[in-house]
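Here is the structure we will look at.
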Amino acid sequence: MRLFIAILLPPVLQPAVSAAASHLHERMGVRLLPAENYHLTLRFIGDADETAAKKMGDALASVRFAPFTVRLRGAGAYPSVHFPRAIFIGGESEGAKMLADSIEVALSPFNLKKEKFSVHLTIARSKGAGDIGEFLQKTGEVGSFEVKSVALMKSVLLPQGAAYEVLREYRAEE
């Protein structure tokens, strides 16, 4: 199964993110992600069997964090704005960065591939064609929210896109 650790976007912010994303669909015909799939990935794990998933889930239970705020603003694309495959709304959060570092330490015994972390919310997928310059310029402040939990997620790739399932949730210490 494909695993990742994520901050789920609160439903109250989904309309604001969808409104920001709508310009992309209208202008470029990219594939927008469904609002219920919006999340900020703290750590992509990749393929793991059930035994490894349980061990990683247990390791993540040792991670302690206090509630923190994520501010969504700006936009970008991977691998580049000139060849966008994943289009995102940017984020700012020292708490998310600290949590991602703690998750990295907790998962270090599993020898996962190192990845650079950045706070971002993927909103669309593209085949890499199209100019997203106007979207980048128009996407300003989208909103902010308090993070009180993170989740170990399972991703199933389907022809119409990915389906996600929460395997385990980890709550902040208040």
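FYI, it's all coordinate maths here, none of it is from the lab. These numbers come from a predicted model, not from an experiment. So basically every Cβ, Gly included, is an ideal-geometry build from the backbone, and we count neighbours across all protein chains shown.
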Exercise. Would you point out the residue of region 136-173, among those that are in contact with a Ser or Thr (Cβ under 8 Å, 6 or more places away or on another chain) and under 28 Å from residue 81 (Cα atoms), that is surrounded by the most Cβ atoms within 10 Å (Cβ to Cβ)?
Key: 164
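Step by step: first the residues of region 150-174, then only those that are outside any loop (DSSP other than H, G, I, E, B) and either touching a His at 6+ places or on another chain (Cβ under 7 Å) or small (Gly, Ala, Ser) (or both), then the one that is nearest to residue 32 (Cα to Cα). Which residue is that?
Going residue by residue through region 150-174, those that are outside any loop (DSSP other than H, G, I, E, B) are 150-158, 161-171.
Next, only the ones that are either touching a His at 6+ places or on another chain (Cβ under 7 Å) or small (Gly, Ala, Ser) (or both) stay: 151, 155, 161-163.
Details: 151: 22, 155: 17, 161: 10, 162: 12, 163: 14 Å.
Applying the filter and picking the extreme gives 161.
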Exercise. Given the conditions (1) loosely packed, with under 14 Cβ neighbours inside 10 Å; (2) part of a helix (DSSP H, G or I), report the number of the one that residue 21 does not fulfil.
Key: (1)
Exercise. Find the strands (runs of 3 or more DSSP E) located wholly in region 49-132 whose residues include 1 or more that are polar (S, T, N, Q), buried (at least 17 other Cβ atoms within 10 Å of the Cβ) and in contact (Cβ under 8 Å) with a residue 40 or more places away in the chain, and list them.
Key: 120-125
Quiz item: Which one of these does residue 43 not meet: (1) among the basic types (Lys, Arg); (2) closer than 12 Å to residue 153 by Cα; (3) assigned to a loop (DSSP other than H, G, I, E, B)?
Solution: (3)
Self-check item: Test: residue in region 28-35 that is in contact with a helix residue (DSSP H, G or I) (Cβ under 7 Å, 6 or more places away or on another chain) and assigned to a helix (DSSP H, G or I)
Solution: yes
